[in-house]
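Peer 1: Pasting a structure below so you can have a look.
The values are calculated or read from the model by the stated rules, or taken from the named source; none is laboratory data. Not measured: the values here are computed from a predicted model. In this analysis, Cβ positions are derived from the backbone assuming ideal geometry, glycine residues included, and neighbour counts consider all displayed protein chains.
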Amino acid sequence: MNDFMNFVILGLTRGSMYALIALGYTLVYGVLQLINFAHSEVFMSGAFGSYLVIQSVVTDGSSPPWFAVVGIIVLGLGSGAITGAAVAWSLERVAYRPLRRRGAPKLAFLISAIGASFFLSQLAGKLFNRLNNNSFPTYFNLNKHVIDIGGVTVSLVQLIIIVSALLMMLFLDLLVSKTKLGRSIRGVAEDAPTAALMGIDIDKTISRTFVIGGALGGAAGFLFGTAFFFSNTMGFIPSVKAFAAAVLGGIGNIRGAMLGGLLLGMIEAIVPTFPWYKPGFIGTAWTDVVAFVVLVLVLIVRPSGILGERLGRAA
Amino acid sequence: MTAVTSTAPEPTATNPEVVYDVKDVTLRFGGVTSLNKVSLQMHRGEILAVIGPNGAGKTSLFNSLTGVYTPQEGSIMLAARKGDELTSILHDPRFYGARKSTATHLINRHGVARTFQNIRLFPALTALENIKVGVETRQKSGPVSAMLGMPWQRREERESTERAYELLRFVGLTARANDLAGALAYGEQRRLEIARALGTEPGVILLDEPAAGTNPAEKRELAELIRRINVEDNVSVLLIEHDMKLVMSIAHRLVVLNFGEKIAEGKPADIQRNPAVIAAYLGTTNDEPEAATTAQPEPNTTDLDSGPAAEGDES
Amino acid sequence: MRNSGLFNDHVKRLLGCLAGGVVLALMVGNQEGVQRDFGYAFRAAIFSPRLVVFLGFGLALFVAITYWSRISPYFVRPGARPLAAGAAAVVASYGLLHWTDSNQVTGGKLGALSSAVSGTDGISSFTRTFFGSVVPGTPWLLLVVVVALGVVSLVLRLPVLAWLAAGLGLLVGVWGYIAQSAVSDYLKTADHSTGAQVAILGYAAIASGCFVIARSQTDQADTVGFIERVFGWRPGFPLAVLGTAVGLVALLTATWFSPADRNPHLSGMTNLFSGEGLSAISSAYLSWLVWVIFVVALALAFAATYLSRQAFSWASIVIGLGAVVLTLTTMHEFSSIGGKSGFDGANGPWQNIGAGPWMLCGAFTMFAGAGWIALRQGRRVDPAAPTVVAKAGSNLNQVLIIVVLAGALFYPPTATQFWQTVIVAEIGIYVLLAIGLNVVVGWAGLLDLGFIAFYAIGSYTTAYLTGTLPIKPPDWLHLTPLAAIPFAIVICLLAGLALGAPTLRLRGDYLAIVTLGFGEIIRIVAVNADKVTNGPKGAFGIPQPVIHLGPIHIQWGQSALQFWYLLLVLIGVTVLLFNRLEHSRLGRAWAAIREDEVAAQATGINTTRVKLLAFAIGASTSGVAGVFFASQIGYINPDNFLLNNSILVVAYVVFGGMGSLPGAIAGAATLTWLPEFLKDQVPAEDRQMWIGAVILLMMIFRPAGLIPAKRRAAELSGFDGVKSAETVAVPAGEGM
């Protein structure tokens, strides 16, 4: 049982990162009805951007006091978010807006995003490096058990990820449901032409949607890099998963993305705990198979995801 | 203006065959009741018009008749072509698609063709090809014979081209055969859609506001076309139309819907004098009260029309 | 107010252009840093004086965009576009292409060759002057002079200058070509370089542009009308002209046989082979017969196209194809004799043959093709002919088809070993995959991101049937790879149905993620199911194809070329079948569901069935590619079937032009050729970055793809002009 709970914690950790990335997909899908395939590189650039900042304020192996650690983490989240937002914004300007102006077919957007994704990940590789095991400087003990209740343990890094992800999601939820920007995002998602007639600047709203999604993705990049590693190709696999999570919850639906992300993380973590799961015979890679099978089953029962796909309605 | 005043000859049979037998159909969306215990019978060879103010449930009725919606209560029996037996389209495996619910394409194959309120052509195919798509749903040859260019496939191809040209001539679009459907003028698109529907060799054709957005000259042409479809092709016509002059001039019988309920049924002359109908129009189309008041005395100058202006923004 | 808005726009544009300059600086900057010093390349690119140059590029771009309205009227004048295209071609040839294959010249590009040649005394001064022995950078200088003359004559409308530019351009082109062949004669190595050819073509384009400038004084070029007039005047005639040019180059200047230290032209062949036991017909061919045949074929082609008499057409086809066969037998004979009699480095049949005879084969094919076009023209009254194909372009299309066919047949043998392998293992296979995916994505409009799974299934099916997997087939099912093709088709068909049946009612993006998942599942199964698929190690020793059919006995495997011709047959058959399919009732049904699924259903189309068919047909094409891949490469493992490849195939299809067969072929060929081409131009690790940039730019500036489908193009323009759609709707009824 304790084992199981530990896996739940692990699932929550992964899931909250998936959810943060999935939000980027879902927000863009909400306003443009397009999969932003280059979102993986937004995530990646968040890791590199925050690295440059963190590296300059803290040395590897130092152990600053706890409030400094908190400050550095906030700084990392912030710089990751800013980098991510900047990349997402430029992405919209370069890879999406010209195509929108030309009324290109939907797949053209997909392909321009794929081109941008190749470009960004390889440019990062060229500018930084192409190793696949970069890590942030260590400035606190990641694996320190901060909570330990009868064998159920939560490490510090897990706590940081879960808490900051939840905070950001809460923030986003409030942003979308309460602010003027949120209203215009929902308006554009619901019916862009009508929103335009109501005086909402569609271009600006789309741009800002990218920025918000990019900020969340960039912050997720920082968290991912802190917990594991980062590289110029780190974006691909988590993003595919996050995309699946967004679809699972109902793409275009903000709460759906959160739910889908957490659920997918959970599935991945829990599958190996099943009694019939024999790691000796089949590797952990089967978790992906299980995750996708679950996705397909959910979609067959509910063709537009668990919560349905309306950004406006659910948020 | 008086060219269309004469009423079309009625089908002569004293005991008319039934094409559609609709009994107590109720259709709900969530809490909204879109159709409430609607019953009607359509006879072979007649032009039956369904009229009613906006939101009266006319298009819902059409969609129920063609299997797009499945009503919660009531029964719909169909015998579209001469010699068919009356069969329920709601609970008969012959009309089931892969999903065990009534499939629209099967209804079409049993002889019911339709057009849409907001024209739905295949804009990137030529006019000729649009009709061929309809004609070819009745053909047999498969992909392999198409790839190998088998003689029977070539014969079918030739037949469909010939039939499509016949239909183009029938609706007066021969000159536009090789133009893309999306490039045709509005009225031409309307006629092309009718021709595509006729290509599927229907026993019944359902026309959803065919005159919406057309000018008076086109309306006269259209009335003539509908009459020819009815007489020359022996196709029963079910018509939704707002243009009262058109309806009164060509329909044999009328059914009036209001708030999802049938409030009247009968010959054009009777309907025009029916107080319930007049009340319905007075009560709902408050923007054009004078249209309804003039409806009372003189049947042939009546204009219950809620007007092309009102239609224009719908389509 | 208005002014400040304009000012704002300008500032934004300037910032954008400068940012573009910075990005470009990063792209061509230093390579990556180390693990502990990330910022190295970044700093090197940003904080070096070099950046100023790139900011200058940005500024130039800004100026060009801002004043585009002043420049563009000149650009649409007659002759401007050929001039620009020609200049671009020459620049590419000078800057990017190889001018020699000799390993004495590092890199083999013009710059390296120039410095090598101008310092070599054994070469004539005529040649050395071109390469810059007198004035350094002569080729570039000449190009600038010619283009400047052309531009000045265009702007100021000076016919005299235009004539001068045209003449000079031709002279320079020919000079460069002769100089390059003199150098490769001197170097005595087999030469596969394309630089000089592209340069002379570029100069020809410049010259024709200048010619047009001199002749035409209108303000607006009528390019489409011009092409229509040229290709519609006598259908097939341009092909005959092209064939003549190619044939003359083959007969006069191309190498015919290339063992070490010997590179005879046609004129040297008789000498080389005298007394070596060449058969009478071959030696006659090499000394005089070839000329006779060439002249006859040429005359027939011109007669057929000019007079459009059926008899001439047939004669032209027969003579053209006969000449190809005769040339091939002669090639076979002299190359075998060359091998036997021990010329240095001659390796036997079909080896060491120069470009000449292959080009001549291409020329004869073009003559035959010209006859074929003339013949078709004579009896084109087919009421059921596909109506979407515009009549104007079809003559041009036919010419292009023949040229592409001739190129596909006779270009690969003249390429280097490296390129032959690329053509087969990369270009050819991905072309086949793209053709298959085009059915699903382009025609039926279903986004499939797991297409590579069917390719994997085809490959593993082949491995199973040839007994190279841990599980063995029963004895009676032990097959050769070619016999595995039908099985692979059937299995992929079933897999396509199995995937499609439960998922096809999902809408676009949901379908995308499910297919993506399917692709990953197949790969993960291949990695993990050790006992069936041999896990990550994959299958080894998959035999190469053989055909034993009575007296016919073909064994593949010695060279990539053999596989190329096998692949060409597969691609050709697929294209032929799919082309029919596109214009059949199923093709139209696909277009219908793509355009409007609700209407398609109401028209009686069984959408589920039609979509399933698209899936199944696409999947089986992929399966065929899988069989070919497995038997060609001989070993497969799960790494051949990554998700990335699925995405790439989608990119090929869209890049080429969704829903268009030639587009899918061109897209796959371009994007698989590009990385290999870039090997010479940029650091190997950067290639993907440049490809990403190319894809991005293509989608920004030409979202419909390289060769847009007629149907799709219509859709796009309709989409674009919402306003124009309304103006059509308003004056309703005036159409008839």
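Residues checked against (1) farther than 30 Å from C:PRO238 by Cβ; (2) among the basic types (Lys, Arg); (3) modelled with pLDDT of 90 or more; (4) assigned by TED's automatic domain parsing to the domain that holds C:GLY277:
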site: C:ALA297; (1), (2), (3), (4): no, no, yes, yes
site: C:PHE312; (1), (2), (3), (4): no, no, no, yes
site: C:ALA315; (1), (2), (3), (4): no, no, yes, yes
site: C:VAL318; (1), (2), (3), (4): no, no, yes, yes
site: C:VAL324; (1), (2), (3), (4): no, no, yes, yes
site: C:SER335; (1), (2), (3), (4): yes, no, no, yes
site: C:GLY339; (1), (2), (3), (4): yes, no, no, yes
site: C:ALA363; (1), (2), (3), (4): no, no, yes, yes
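Peer 1: Just need a number here: residues in the range B:105-124 that are crowded, with 24+ Cβ neighbours inside 10 Å, modelled with pLDDT under 90 and assigned to a loop (DSSP other than H, G, I, E, B).
Peer 2: Counting residues in the range B:105-124 that are crowded, with 24+ Cβ neighbours inside 10 Å, modelled with pLDDT under 90 and assigned to a loop (DSSP other than H, G, I, E, B) gives 1.
Peer 1: Quick check on the range B:117-137: of everything there that is at the interface with another protein chain (Cβ under 7 Å from one of its Cβ atoms), more than 10 Å from B:LEU180 (Cβ to Cβ) and among the hydrophobic types (A, V, I, L, M, F, W, C), which residue is farthest from the chain's Cα centre (by Cα)?
Peer 2: The qualifying residue farthest from the chain's Cα centre (by Cα) is B:LEU128.
Peer 1: Next up: When you go through A:ALA19, A:ALA81 one by one, which is the residue that is over 30 Å from A:ARG101 (Cβ atoms), more than 14 Å from chain C (Cβ to nearest Cβ) and within 16 Å of the chain's Cα centre (by Cα)?
Peer 2: A:ALA19
Peer 1: Now for a different question. Please state which one of B:GLY149, B:GLY172, B:GLY142 is surrounded by fewer than 20 Cβ atoms within 10 Å (Cβ to Cβ), within 8 Å of chain C (Cβ to nearest Cβ), out of contact with any strand residue (DSSP E or B) (no Cβ under 7 Å at 6 or more places or on another chain) and over 30 Å from C:VAL573 (Cβ atoms).
Peer 2: So the residue among B:GLY149, B:GLY172, B:GLY142 that is surrounded by fewer than 20 Cβ atoms within 10 Å (Cβ to Cβ), within 8 Å of chain C (Cβ to nearest Cβ), out of contact with any strand residue (DSSP E or B) (no Cβ under 7 Å at 6 or more places or on another chain) and over 30 Å from C:VAL573 (Cβ atoms) is B:GLY172.
Peer 1: Restricting to the range C:570-614, give me the number of residues that are in a helix (DSSP H, G or I), over 20 Å from C:ASP448 (Cα atoms), among the small types (Gly, Ala, Ser) and at the interface with chain B (Cβ under 7 Å from one of its Cβ atoms).
Peer 2: Total meeting the criteria: 2.
Peer 1: Something else now. Name the single residue, out of those in the range A:213-263 being surrounded by 24 or more Cβ atoms within 10 Å (Cβ to Cβ) and in a loop (DSSP other than H, G, I, E, B), that is nearest to the other protein chains (Cβ to nearest Cβ).
Peer 2: So the residue we want is A:ILE251.
Peer 1: Looking at the range C:273-290, I want the residues that are without any contact (Cβ under 8 Å) to a residue 40 or more places away in the chain and have a partner that is part of a helix (DSSP H, G or I) with Cβ atoms under 6 Å, at least 6 apart or on another chain. Which pairs are those?
Peer 2: If the second residue must be part of a helix (DSSP H, G or I), the pairs left are C:SER287/C:THR270.
Peer 1: If a residue must be surrounded by 19 or more Cβ atoms within 10 Å (Cβ to Cβ) and modelled with pLDDT of 90 or more, how many such residues does the range A:190-210 contain?
Peer 2: 5
Peer 1: Specify the residue that is nearest to C:LEU26 (Cα to Cα); the eligible residues are those in the range C:43-54 that are buried (at least 16 other Cβ atoms within 10 Å of the Cβ) and aliphatic (A, V, I, L, M).
Peer 2: By that ranking, first place goes to C:ALA45.
Peer 1: Are any residues in the range A:116-171 within 14 Å of another protein chain (Cβ to nearest Cβ) and either in contact with a strand residue (DSSP E or B) (Cβ under 7 Å, 6 or more places away or on another chain) or surrounded by fewer than 13 Cβ atoms within 10 Å (Cβ to Cβ) (or both), and if so, which ones?
Peer 2: A:ASN132, A:ASN133, A:ASN134
Peer 1: Filter the range C:488-508 down to the residues that are in a helix (DSSP H, G or I) and touching a Lys or Arg at 6+ places or on another chain (Cβ under 9 Å), then identify the one that is nearest to C:ILE647 (Cα to Cα).
Peer 2: Filtering first and then ranking leaves C:GLY508.
Peer 1: Which residues, taken from the range C:668-688, are within 11 Å of chain A (Cβ to nearest Cβ) and of a type in the set (S, T, N, Q)?
Peer 2: C:GLN688
Peer 1: Please find, within the range C:517-554, the residue that is farthest from the other protein chains (Cβ to nearest Cβ) out of those that are closer than 17 Å to C:ILE633 by Cα and assigned to a strand (DSSP E or B).
Peer 2: C:VAL546
Peer 1: Identify the single condition in (1) within 34 Å of the chain's Cα centre (by Cα); (2) among the β-branched types (Val, Ile, Thr); (3) under 23 Å from C:CYS17 (Cα atoms) that C:VAL52 does not satisfy, given that it satisfies every other one.
Peer 2: C:VAL52 satisfies every listed condition except (1).
Peer 1: Given (1) surrounded by fewer than 16 Cβ atoms within 10 Å (Cβ to Cβ); (2) more than 8 Å from chain A (Cβ to nearest Cβ); (3) modelled with pLDDT under 85, where does C:ARG702 come up short, assuming only one miss?
Peer 2: (3)
Peer 1: From the list C:ALA651, C:ALA666, C:ALA693, C:ALA704, which residue is under 26 Å from C:GLU520 (Cα atoms) and either touching a residue at least 24 places away in the same chain (Cβ under 8 Å) or touching a His at 6+ places or on another chain (Cβ under 7 Å) (or both)?
Peer 2: C:ALA651
Peer 1: Taking the options B:THR161, B:THR200, name whichever one is surrounded by fewer than 23 Cβ atoms within 10 Å (Cβ to Cβ), modelled with pLDDT of 90 or more and facing another protein chain (nearest Cβ under 10 Å).
Peer 2: Just a single option satisfies the conditions, and that option is B:THR161.
Peer 1: Then there is this: Considering each of B:THR214, B:THR161 in turn, give the residue that is of a type in the set (Ser, Thr, Tyr) and not in a helix (DSSP H, G or I).
Peer 2: B:THR214
Peer 1: Could I ask something else about it? Could you please find all residues in the range C:150-208 being assigned to a helix (DSSP H, G or I) and among the hydroxyl-bearing types (Ser, Thr, Tyr)?
Peer 2: Selection gives C:SER153, C:TYR177, C:SER181, C:SER184, C:TYR186, C:TYR203, C:SER208.
Peer 1: Okay, moving on. Picking from C:PRO78, C:PRO82, which residue would you name as being in contact with a helix residue (DSSP H, G or I) (Cβ under 8 Å, 6 or more places away or on another chain), at pLDDT 85 or above and part of a helix (DSSP H, G or I)?
Peer 2: Only one candidate qualifies: C:PRO82.
Peer 1: Would you check if there is a residue in the range C:2-17 being surrounded by 13 or more Cβ atoms within 10 Å (Cβ to Cβ), modelled with pLDDT of 85 or more and either acidic (Asp, Glu) or under 34 Å from the mean Cα position of the chain (by Cα) (or both)?
Peer 2: Within the range C:2-17, one or more residues are surrounded by 13 or more Cβ atoms within 10 Å (Cβ to Cβ), modelled with pLDDT of 85 or more and either acidic (Asp, Glu) or under 34 Å from the mean Cα position of the chain (by Cα) (or both).
Peer 1: Still on this model: Restricting to the range C:304-314, and then to whatever is under 31 Å from the mean Cα position of the chain (by Cα) and surrounded by fewer than 21 Cβ atoms within 10 Å (Cβ to Cβ), can you tell me which residue is nearest to C:LEU252 (Cα to Cα)?
Peer 2: C:TYR306
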